[in-house]
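One structure below.
The values are calculated or read from the model by the stated rules, or taken from the named source; none is laboratory data. Computed from a predicted model, the values in this text were never measured in an experiment. Here Cβ is always computed from backbone atoms with ideal geometry, including for glycine, and neighbour counts include all displayed protein chains.
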């Protein structure tokens, strides 16, 4: 499933085409994705202008001048591509190799850059779309209760220690709790724990001192989370399985993975001599070096 850096990369790729554009036509090619489309979905989109294209955790949020927000989630295999209206049908700047049978939503836009089509493709249909009142979207079930974004300086050691204080869940599970940190997924949790030299099996509560203050571990982990997310966004995300950018090009942060999907390879920490292992936690693969991650 695309993680926060991938979703942010898609947002940046779509923004020039979508922000400020008017939706002249909306087409859905099936009645549902993971969930049924909202009532009168096409009618509520057509004629609306997209005033902003944002992101919250792993959700894309297109704010409309109609007073509603279009929420889009990529699921496991969902992706967007843009098609310039000046090109012949089927001619894309970067051929995707995607089966057009899985093009489930097509938005025709009129904007400053001319006519454009934005196409949502999803082979497994685990993605979904929803419409909600913009004024109340923070209370919508998909968004309510989401935690802190891992992209700003507010995520520091003191904040992390307070959030994890008293928790007896494994550190990896605590990092993946979207009520605490919104948008942090399996790949980058593994990478951040490696950088902080912390075991994914360590109890989350051990990052706080008895008085609730931050330990050095909390400071290291907070910095590692911020750094790995920032670097992945700058690199364009991670192209695992079906993930591609809005223009069809691939992200490349996966070349910088230090532990993820490196089971059996030597640990990259100088002088460690350990070997990356894979364990399963809550049904998810965790990659770590048991020698230098404590």
- Query: in a helix (DSSP H, G or I), modelled with pLDDT under 95 and crowded, with 16+ Cβ neighbours inside 10 Å, is that true of residue 174?
  - Reply: no
- Task: Just name the residue that is surrounded by the most Cβ atoms within 10 Å (Cβ to Cβ) out of those in the stretch 7-41 that are part of a helix (DSSP H, G or I) and touching a helix residue (DSSP H, G or I) at 6+ places or on another chain (Cβ under 8 Å).
- Result: 9
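Every residue, every condition in (1) at pLDDT 90 or above; (2) at positive phi; (3) not in a strand (DSSP E or B), yes or no:
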{"site": "76", "(1), (2), (3)": "no, no, yes"}
{"site": "101", "(1), (2), (3)": "yes, no, yes"}
{"site": "119", "(1), (2), (3)": "yes, no, no"}
{"site": "130", "(1), (2), (3)": "yes, no, no"}
- With 168, 137 as the choices, which residue is in contact (Cβ under 8 Å) with a residue 24 or more places away in the chain and crowded, with 18+ Cβ neighbours inside 10 Å? 137
- Item | Qualifying residues in the stretch 275-286 (those that are touching a strand residue (DSSP E or B) at 6+ places or on another chain (Cβ under 8 Å) and farther than 16 Å from residue 257 by Cα) - the one surrounded by the most Cβ atoms within 10 Å (Cβ to Cβ) | 281
- Consider residue 124 carefully, then state whether it is modelled with pLDDT of 80 or more, within 24 Å of the chain's Cα centre (by Cα) and either within 21 Å of residue 72 (Cβ to Cβ) or assigned to a loop (DSSP other than H, G, I, E, B) (or both). yes
- Task: Name the one entry in 208, 192, 204 that is surrounded by 21 or more Cβ atoms within 10 Å (Cβ to Cβ), under 24 Å from residue 6 (Cβ atoms) and modelled with pLDDT of 95 or more.
- Result: 192
